[in-house]
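Quick notes on the structure that follows.
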Amino acid sequence: MNPYRNGTDPVRRFEEAAEQLGKRGPLLHRVPTEVKAETQEIRFRVNRPVTLCTGNRTWFLTGSGALLPQVSAQCPIVNAGEMQELFRSLCAYSIYSREEEIREGYLTLRGGHRAGICGTAAVRGGEIVSLREITSICVRIARETPGAADEFFRRLGRLDTGLLIAGPPSSGKTTVLRDLARQLAGGSRDGYRKVAVVDERGELGSAVQGGLQNDLGVSCDLLNGYPKAQGILQAVRVLSPEYIICDELGGNDDAQAVEAGMFSGAVMIATVHAGSREELLQRPVCRRMLETGAFGYVALLTGRRQPGKIAGIYKVGDLLGKDRGIDSVSSSLCRYRSGGVA
């Protein structure tokens, strides 16, 4: 029996997310199967119709569950009352228990799906303490895609040096991380490697009552809900991992923890938001990650139209050297071509 609840079926993943979306759930179940399989996001906005976003199309939901490419009178709007009720239901009617996530602008849902939350921020001392008057909710459908990391192994081999995966939102970073963990810890790559996954937002393993709903491999240890910096340090202290995997690095504490992981001998694999090499080097946090020495390579993903597709793989030393003006090697020399370094 497959212990992972929904496996890799993208239609079932869509339906699992839809089940958690209040009165619109039954309508979403009527969406054509081919659109369910391709949908990346389901968006709710106050006084606007529900929209479904695939890699290259936006659809509007009608009152019968049909889809239209343009807004029409057949597409009922989401009123403020429905939005507040949806928000409360996603919090399991315990907003207080989800305050920490809400402050960060998201809710992790059953199955590893994530609801991005927008509204009116309550600010105290320059920091957001809560959100009220919710105006939009963007539900990102979690995908589990075996083989999503195959190209990384083909081009980088055994992954015995750190890898930083960069890409814009919805470019497939989290999906690739899941498959990297699954292959490394599942015995399909040079035996069963010890992998520690730091899953701050519950998107990678999607643990429910201690059980993983996503397959991360049999020799994987999941640190669920740990802030990334604390989770990395905990893994180093007690798990002796060969690999540490985490999603969406973004702060100075994260950079310091990455350095600690590197000095422990673990190979770091992580993601950051960046849509290009230029953005990666210009963002101080991203640059700080590169300068830790924990990463030997950067893989840049193409974008939401081709989730998980590699636009280029670059040596970190070449990227930093070129940016400092001490390396005149053309960008093509930083890339892997045909499985090897040019």
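The values are calculated or read from the model by the stated rules, or taken from the named source; none is laboratory data. Because the structure is predicted, anything quoted here is derived from the model rather than measured. Glycine gets a Cβ as well: all are built from the backbone with ideal geometry, and neighbour counts include every protein chain shown.
Assorted remarks:
- Verdict on Gly126 being at pLDDT 90 or above and surrounded by fewer than 17 Cβ atoms within 10 Å (Cβ to Cβ): no
- Residue ID - nearest to Leu280 (Cα to Cα), chosen from residues in the stretch 230-253 that are surrounded by 22 or more Cβ atoms within 10 Å (Cβ to Cβ) and in contact with a Gly (Cβ under 9 Å, 6 or more places away or on another chain): Cys246
- Residue within the stretch 108-122 that is exposed (fewer than 14 other Cβ atoms within 10 Å of the Cβ), closer than 19 Å to Gln213 by Cα and in contact (Cβ under 8 Å) with a residue 12 or more places away in the chain present: no
- Within the stretch 156-171, residues that are touching a residue at least 60 places away in the same chain (Cβ under 8 Å) sit with their Cβ atoms under 6 Å from residues that are aromatic (Phe, Trp, Tyr), at 6+ positions apart or across chains, in these pairs: Gly162/Phe295; Leu163/Tyr297; Leu164/Phe295.
- Test: residue in the stretch 2-12 that is touching an Asp or Glu at 6+ places or on another chain (Cβ under 9 Å), touching a residue at least 60 places away in the same chain (Cβ under 8 Å), basic (Lys, Arg) and surrounded by 15 or more Cβ atoms within 10 Å (Cβ to Cβ): yes
- Residue satisfying all of: in the stretch 249-269; assigned to a loop (DSSP other than H, G, I, E, B) and at pLDDT 90 or above; nearest to Ala181 (Cα to Cα) among these: Ala266
- Condition check for Gly116: within 21 Å of Thr54 (Cβ to Cβ) and assigned by TED's automatic domain parsing to the domain that holds Ile42: yes
- Scanning the stretch 33-45 for residues that are in a loop (DSSP other than H, G, I, E, B) and at pLDDT below 95 gives a single hit, Gln40.
- Residue within the stretch 271-281 that is without any contact (Cβ under 8 Å) to a residue 24 or more places away in the chain and more than 29 Å from Gly312 (Cβ to Cβ) present: no
- Among (1) among the acidic types (Asp, Glu); (2) closer than 18 Å to Gly162 by Cα; (3) buried (at least 21 other Cβ atoms within 10 Å of the Cβ); (4) in contact (Cβ under 8 Å) with a residue 40 or more places away in the chain, the one test that Asp179 misses: (4)
- Only one entry of Ala196, Ala166 meets the criterion of being in a strand (DSSP E or B) and more than 30 Å from Arg43 (Cα to Cα), and that entry is Ala196.
- Residues satisfying the stated conditions in the stretch 231-248, i.e. closer than 25 Å to Pro168 by Cα and either among the aliphatic types (A, V, I, L, M) or assigned to a helix (DSSP H, G or I) (or both): Gly231, Ile232, Ile244, Ile245
- Extreme residue, nearest to Glu15 (Cα to Cα), among residues of the stretch 44-74 that are surrounded by fewer than 15 Cβ atoms within 10 Å (Cβ to Cβ) and in contact (Cβ under 8 Å) with a residue 40 or more places away in the chain: Gly55
- The numbered conditions (1) in contact with a strand residue (DSSP E or B) (Cβ under 8 Å, 6 or more places away or on another chain); (2) assigned to a loop (DSSP other than H, G, I, E, B) are all true for Ile128 except (2).
- None of Glu144, Glu100 is exposed (fewer than 14 other Cβ atoms within 10 Å of the Cβ) and either in contact (Cβ under 8 Å) with a residue 60 or more places away in the chain or not in a strand (DSSP E or B) (or both) except Glu100.
- Odd one out for Asp179 among (1) closer than 18 Å to Glu104 by Cβ; (2) part of a helix (DSSP H, G or I): (1)
- The set of residues in the stretch 7-43 that are of a type in the set (Lys, Arg), within 18 Å of Thr58 (Cα to Cα) and more than 18 Å from the chain's Cα centre (by Cα) comprises Arg24, Arg30, Lys36.
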